[in-house]
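Student: One structure follows; several queries about it will come next.
The values are calculated or read from the model by the stated rules, or taken from the named source; none is laboratory data. None of the values given here were measured: they were computed from a predicted structure. Positions of Cβ are backbone-derived with ideal geometry, glycine not excepted, and every protein chain shown enters the neighbour counts. The protein model used for the area step is the full one, side chains on, heavy atoms only, and it has no ligands, DNA or RNA in it. Shrake-Rupley method; radii C 1.70, N 1.55, O 1.52, S 1.80 Å.
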Amino acid sequence: MSESYDFLFKFLVIGSAGSGKSCLLHQFIESKFKDDSSHTIGVEFGSKIVNVGGKSVKLQIWDTAGQERFRSVTRSYYRGAAGALLVYDITNRETFNALANWLSDARTLASPNIIILLVGNKRDLDGDREVTFLEASRFAQENELMFLETSAKTGENVEEAFLKCSKTILAKIETGELDPERIGSGIQYGDTTTRRLHRENNRRQPDCICRM
Amino acid sequence: MDDFKHKFFFFINKQVVHSRSPAVVSLNEEAVRPPTEEGNPLHRESQLETRKTHEHDPLADQDILESIEPEFFNSESFDPCNHELKKLPAKLECDAIERDFQKLQQQQLVVSKKVLQLILQKHTTFNEEFARILEVQEELKTTLCVCKKGRSDLNLAKRQFTTASLGILANYRKRQVVQGLLHSLNTIKTLQRTEERLQELLSEGNYPRAIGLLLECQSAAATYRHFTCVAALSGKLQDTLEMAEEQLDQALAKVCSHFDADHYSKVQAAYRLLGKTQMAMDQLHMHFASAIHNATFSVVHGYVELCSGGSTLYKKQFKQLCESVTAESFIPCLVDLCKALWGIMRSYHQVISWHQRNDLEKLSADGVSELVDFEASFNKQYVKQKLGNGLVRIWHDVQARVSAYLLGSDLALYKSDDFLQVLRVVHRLIEVGEEFCGSKSEELQNSIKKQSSNYFCNYHRNCLEELRIFLENESWQMCPVKPDFTLLQLQEFRSLRHVLKSWKPRGDCLNGDQTTMTSPECSSSNHSQDSSSVTGGYFARYSEAGSPFDLGLDEVQEEDILANIGDEPSGYFSDESDEDIPDELKSDFVDENVGDTVSNKHSKPSSKKMSRREFVKAPILTNTTVTVLRQCGKYLQMSHLLRPIACEVIICMSQLFDYYLYAVHTFFTADLPVTSHSLYNLKLQASLKRIQDNLILPDPSQFAESDLDQSERTKDKVPQPHISPVVDLTQQETLHGLAERVVAVESVIFLAKQLEFLQSYLEHLQGGSSFLQQFFSQTVAVTGELCHPVYMHVSAYAVDFKGILSLMAKVNWEVKEVMSQHSHYVDILLRELQIFSMRLEEVAMRVPIPREVYVILWQSIFHLTCSTFVEGFSNAKKCSNGGRGLMQLDFIQFLSKLEKLTSVRPIRGRDYVENYVKAYYLPEAALESWVREHNEYSCKQLLALVSCVCQNNKKTRQRLIALIEDMEKVGSR
């Protein structure tokens, strides 16, 4: 609570089950590989303050369950996300094939300006690769995504992925392309006193209930 | 005559003396010769005369002789001539002279004769005597010869024997002395040489021999003390001894870091030789103390240096140094610290066991001989005591160092896993301490308590903050879990599963596979409950190498907790349980969703396909509920490891629930009017008030920026949560978010149930404090009451009661005859209720709505509609009998349709309406008592009733109105 930051970005980590989303987050937050991880139930949460271009940005990251049955729970977290990491497993073709669906979900449910970074995880298992770098970058290019290959196990590119995404958002704020004041932008100013002003005004006043 | 003889002898003697050696030879001639004085012619004449006169009468001779003047016999200085001359008279007379002459001549003759006579008389004797003299002379001569010979012989002997042999003797003696000296010198030389040998022995570590040798040398040196060189040598030996003792001391110091029985035996033997067994013990303890000091310092210093690379670090105190340890290196440093201390403690432990073993061996060795050396036994006693006391002291030192280290850093910002790791390490250390000296490690406990509560405060604050984020993002969707989900299936509870189950024999509420697992667990718990048997062997287990602290940080972590807590026997259970949640979840739902996942993976929420049966079975909970449960698991783990702050942890855990409860209440009752207090259970209301006061930050808009001093008070508080904008509670179609409300309320109830499941365990942890009892009875138990205020909104907006009221106002209640057709508003009301019911069914498709919720919803609708009926009827200023009949007809119509609409019974409020309507028919007197009795109606309703009843009787009306107004004033209503 005591920490201070300039911006708060709401991030999402999405992608098919088993693509390593939770490990990616764990690696980013704890700088450790979590090798005993089980399937995520619903959503998990992690936050970290990073320094991007001289600004300190608090990332509020929602790590969603990849399993289909949690979709109804996880979808509600899409709203108002400023950035998303769309994760697939380079050793599993299925997870790559599902990307289009995930992407459309993200585009429709989250803020329309959401910055999405495509992440090909498990780069350390290059021998079992089923999705080539080229193919994935073509997909990224076609869908206007940024693209990185990472390894949650070795930590390669993990921090970069989050930083790259944050950097892009920050740049868009500076150019005015993104407006942090807009509701559902997924961006908040770090100043805690002004943080909740909008929400207060927005509260629905119920109609007068009849007397009991 | 005697005189003469005398004179003569004297003379002879004189002669002999005068011519000693020559006289001897010439003695004979002298003796023959007349004496010189008589050699003169006169003498000779007289001689002749004497001879001539010799025949004369001897008498005459005698006379003449006697006539001789005596002066003549005066031998000395008598001059006869002179004497005679003097005698001559002045007148010389020839005659006289001639007479004198004659006389003298005669006298001379007589004397000569007499002398001759005497000489002759004595001659033989003389000869005899002379021969004897010669004989003596001859003997003297031979004696002289003997003497001379003897002397020369003696000289020879002296020269030939004495000098030589004495020389030999002297030489012999000298040789012996020199030989002795040589021996001494050799010894001294050896002594000097020993130096090298000593060094050799010392470097070999053969201390007893070295000391023995040294002592031998010293005693040898003592015997040669009289040599000056030895004095210096013994000084040197003393130095060497001191040096050797110093080396011995160093060797003793080595024992601290690495105990080697051989080495230690040698050192002890050496000290025993020195007679310094006690001193060695004291010294050993000093070494242990400094070893602890140095080891800890160097470990921490190493880490600090690694991080900062500063050079002035050595000047820092240990405490300051501890403060400079960076967060990343804290744990490895702590582990290393513990390892280092472990090494020292292990050495000490081995020293003790060495002594015990040694004593035993000695006992068995000289067990038979009763005679025990007093000093030895005294030493033994001393050593035993000292070692016993040393345990506590060493542990105290260890504790102090680790405590200083722990307190030196601010652990508040650590990751929970890391902090748990720290706790585990310290916990392990405390166990080691327990085994080491039975200490309860209060200092360590205190510092860990301090750090823990410090850490925990911060951790808890973050948890609450995180919980707020979760709540504010919560969409109140049902989180699909398997029907028999309990918190025990969460990973966070993995280590607690067993304890929890043994605490609560509620096997029936858990599913089958868990009950089958109970038996191996139970047996294992019996093994591990005797914690001493498991942990008892730290010193035995790691006696050779390793330490209880060199577990890999990550991989063995799990096992580590288990070992610490002593719940689970092995990885057997945890390995399986790792996967058991997702697997079972899958088996429950994936089967159902196979078609769905294959056909269109992303288009539809899968829950729509769930059958109603599944709904009823599955517990309703949200993502946030799971999060809270996970946190509870973590808190429990902490309280387990941190018994001292267990109370605090549990209180904080209750705050998680409080906050969740409070959030649900705030989110879903915000749309309630303030006047609806009657909906609240008193306990629930008190609990909510308590939560708001204790946990929730005042609204920032009310809370002025300048009140900085309030920050202290609000430090542990959380801001008011705000419902996620995703959740829409205004849509009539969704019954004002009924689905979300159900999920929210049910999730709190589920949470409450899970907590109740933990209750007895928590009470055990907290040690019977009243806090928990209060928490459970005041807050957890009344959670279910939350449904009333939460669902009220749904019911309240199910029907447009205002519209109904206005429709009712339009009804003409002054109809003359009894109507056969009910009023139109009843149809409208029923249609709206029908819509509500349909929507309810729709919602129930998405979320399982528990029966109780139906009941609550319908009951409040009953309540509301009945109130509306009464209110609507009371709005009628005037009313005829026919109108009253219509009211009854309307209500009966409503009831009969309603009974088809819902299965919820009884329809409460029925009497409320009917009584009100029927009161119209009461006689005036009865009406008064009725008014008195029925205070459930409002003043306005009663007044309306009275004015309808007494339309024509103004007096009664006035009286009753006065009565009602009085009652209103007195507040009896």
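Student: Tell me which GluC sites (Glu not before Pro) from segment B:89-139 have a DSSP coil assignment and no more than 13 other beta carbons within 10 Å of their own. Provide the component values of the computation, followed by the final result.
Tutor: Values: sites: B:E93, B:E98, B:E128, B:E129, B:E135, B:E138, B:E139; in loops: B:E93.
Taking segment B:89-139 and a limit of 13 other Cβ atoms within 10 Å, the loop GluC sites (Glu not before Pro) found are B:E93.
Student: Also, quick follow-up: Show me the ranking of peptides A:140-151, B:227-238 by mean Cβ neighbours inside 10 Å, starting with the highest. Let's see the in-between values first.
Tutor: Details: A:140-151: 17.8, B:227-238: 15.6.
Result, highest mean Cβ count within 10 Å first: A:140-151, B:227-238.
Student: Relative to the Cα centre, what is the charge dipole magnitude of chain A, using +1 at the beta carbon of each Lys and Arg, -1 at the beta carbon of each Asp and Glu, and rounding to the nearest 20 debye? Walk me through the numbers before you get to the answer.
Tutor: Values: 28 positive and 29 negative charges, 179 e Å.
In total the dipole reaches around 860 debye.
Student: Then there's this: Need the C-alpha centroid separation for segment A:133-147 versus segment B:220-241, integer Å.
Tutor: Going from one Cα centre to the other spans 94 Å.
Student: While we're here: For each pair in B:K339/B:K449; B:K802/B:K954; A:K153/B:K482, compute the distance between the two Cα atoms and list the pairs where it is over 25 Å.
Tutor: On the way: B:K339/B:K449 22 Å; B:K802/B:K954 32 Å; A:K153/B:K482 30 Å.
Over 25 Å apart, Cα to Cα: B:K802/B:K954; A:K153/B:K482.
Student: Here's a follow-up. Hey, what did segment A:1-160 get for relative contact order, percent, Cα under 8 Å, at least 6 apart? Intermediate values should be presented prior to the final figure.
Tutor: Working: 315 pairs, mean separation 42.9, N = 160.
Here the relative contact order equals 27 percent.
Student: Excluding ligands, DNA and RNA, what is the solvent-accessible area per residue of segment B:879-973 at a probe of 1.4 Å, expressed in Å²?
Tutor: Details: 4770 Å² over 95 residues.
Result: 50 Å² per residue.
Student: Counting only other chains, and only Cβ atoms inside 10 Å, what mean value do you get across the residues of A:32-42? Kindly include the intermediate steps, with their values, before the conclusion.
Tutor: Working: counts 5, 1, 2, 2, 8, 2, 10, 6, 2, 15, 14.
Across the residues of A:32-42, the mean count of other-chain Cβ atoms within 10 Å is 6.
Student: Ranked from the most accessible area to the least, with a 1.4 Å probe and all protein chains present, what is the order of B:S347, B:S203?
Tutor: On the way: B:S347 0, B:S203 95 Å².
The ranking, largest first, comes out as B:S203, B:S347.
Student: How do B:V146, B:V745 stack up against each other in accessible area, from largest to smallest, with a 1.4 angstrom probe? All intermediate terms of the calculation are to be shown ahead of the outcome.
Tutor: Details: B:V146 100, B:V745 0 Å².
Result, largest first: B:V146, B:V745.
Student: Taking every residue in B:622-632, how many Cβ atoms of other protein chains lie within 10 Å of its Cβ, on average? Show your work: numbers first, answer last.
Tutor: Numbers: counts 2, 14, 3, 1, 5, 5, 0, 0, 2, 0, 0.
Partner Cβ neighbours, averaged per residue: 3.
Student: Below 8 Å between Cα atoms, with a sequence gap of 6+, how large is the relative contact order for segment A:14-87 in percent? Could the numbers behind the result be given before it?
Tutor: Values: 91 pairs, mean separation 27.0, N = 74.
In percent, rounded to a whole number, it is 37.
Student: Turning to a different aspect of this structure: For a bin width of 10 Å, list the pair-distance distribution of segment B:215-312 built from all Cα-Cα distances, rounded to whole %.
Tutor: Cα pair-distance distribution for segment B:215-312, in percent: 14, 31, 23, 18, 9, 4, 0.
Student: I would also like to ask the following. Which percentage, to the nearest 5, of the DSSP beta bridges contained in segment A:7-204 is antiparallel? Can you show the working numbers first?
Tutor: On the way: 13 of 36 bridges.
Bridges in segment A:7-204 that DSSP calls antiparallel: roughly 35 percent.
Student: Another question, if that's okay. Taking every pair of Cα atoms in segment B:276-440, average 1/r, invert it to obtain the Kirkwood radius, and report Rg/Rh to two decimals.
Tutor: Numbers: Rg = 19.8 Å, Rh = 17.8 Å.
Taking Rg over the Kirkwood Rh, I get 1.11.
Student: I would also like to ask the following. Distances longer than 18 Å among the Cα atoms of segment A:129-175: what percent of all pairs is that? Intermediate values should be presented prior to the final figure.
Tutor: Details: 466 of 1081 pairs.
Across segment A:129-175, Cα pairs with separations above 18 Å total 43 percent.
Student: Take B:A809 and B:C147, extend 7 Å from each Cα along the Cα→Cβ direction, and tell me the distance between the two endpoints in nm.
Tutor: Reported label-point gap for B:A809 and B:C147 is 19.3 nm.
Student: Between segment B:905-956 and segment B:445-474, what's the alpha-carbon centroid distance in Å?
Tutor: So the separation of the two Cα centres works out to 59 Å.
Student: Take the alpha carbon atoms of segment B:64-136, find their center, do the same for segment B:727-751, and report the distance between the two centers in whole angstrom.
Tutor: If we compute the Cα centre of each part, the gap is 203 Å.
Student: Then there is this: Please state, as a whole number in µm²/s, the translational diffusion coefficient that the Stokes-Einstein equation yields for segment A:7-204 at 20 °C and 1.002 mPa s, with Rh defined as the Kirkwood radius across alpha carbon pairs. Can you show the working numbers first?
Tutor: Values: Rh = 16.9 Å.
It comes out at roughly 127 µm²/s.
Student: Using only protein heavy atoms and a 1.4 angstrom probe, determine the accessible area buried between A and B, summed over both sides, in Å² to the nearest 100.
Tutor: Numbers: alone 11640 and 52600 Å², together 59370 Å².
That pair of chains buries around 4900 Å² in total.
Student: Hand me the trypsin sites (Lys or Arg not before Pro) from segment B:401-461 located in a DSSP loop with no more than 15 other Cβ atoms within 10 Å, in residue order please. Could you put the intermediate results ahead of the total?
Tutor: Working: sites: B:R401, B:K415, B:R424, B:R428, B:K440, B:K449, B:K450, B:R461; in loops: B:K415, B:K440.
Those satisfying the criteria are B:K415, B:K440.
Student: Report relative contact order for segment B:276-440 in percent, whole number only (criteria: Cα-Cα under 8 Å, sequence separation at least 6).
Tutor: Relative contact order of segment B:276-440: 36 percent.
Student: If DNA, RNA and ligands are ignored and the probe is 1.4 Å, what is the ranking of B:E832, A:E177 by accessible area, most exposed first? Write down the numbers at each step before the final one.
Tutor: Values: B:E832 45, A:E177 115 Å².
So the residues, ranked largest to smallest area, are A:E177, B:E832.
Student: In whole Å, largest first, what are the principal axis extents of the Cα atoms in segment B:130-212?
Tutor: Ordered largest first, segment B:130-212 gives principal extents of 107, 16, 9 Å.
Student: Debye sum, Cα scatterers, segment B:181-268, no solvent: what log₁₀ I/I(0) at q = 0.15, 0.17, 0.21, 0.24 1/Å?
Tutor: Rounded to two decimals, the profile gives -0.56, -0.68, -0.91, -1.09.
Student: Too long at a 20 Å Cα-Cα cut-off: which of B:K683/B:K969; B:K415/B:K634; A:K48/B:K319?
Tutor: Numbers: B:K683/B:K969 30 Å; B:K415/B:K634 12 Å; A:K48/B:K319 31 Å.
Distance filter (> 20 Å) returns B:K683/B:K969; A:K48/B:K319.
Student: Quick check on packing: order A:11-22, B:402-413 by the mean number of other C-beta atoms within 10 Å, highest mean leading. Before the final figure, lay out the partial values.
Tutor: Numbers: A:11-22: 25.2, B:402-413: 19.4.
Ranking, from highest mean packing down: A:11-22, B:402-413.
Student: Something else now. Which whole-Hz ³J(HN,Hα) couplings does segment A:143-149 yield from phi under the Karplus relation 6.51 cos²θ - 1.76 cosθ + 1.60, θ = phi - 60°, glycine and proline marked x?
Tutor: Values, residue by residue: 9, 6, 10, 7, 9, 8, 9 Hz.
Student: A follow-up question, please. Report the far tail of the P(r) of segment B:792-972, meaning the percent of Cα-Cα pairs longer than 22 Å. List each step's numbers first, then the result.
Tutor: On the way: 7879 of 16290 pairs.
When every Cα pair of segment B:792-972 is considered, 48 percent fall beyond 22 Å.
Student: What average number of partner chain Cβ atoms lie no more than 10 Å from the Cβ of the residues making up B:474-487?
Tutor: Values: counts 5, 9, 2, 9, 3, 9, 10, 4, 0, 0, 0, 1, 0, 0.
The mean count of partner-chain Cβ atoms within 10 Å per residue comes to 4.
Student: Which ³J(HN,Hα) values in Hz, rounded to whole numbers, follow from the phi angles of segment B:832-843 under the Karplus curve 6.51 cos²θ - 1.76 cosθ + 1.60, where θ = phi - 60° and Gly and Pro get x?
Tutor: Once rounded to whole Hz, the list reads 4, 5, 4, 4, 4, 4, 5, 4, 4, 4, 4, 4.
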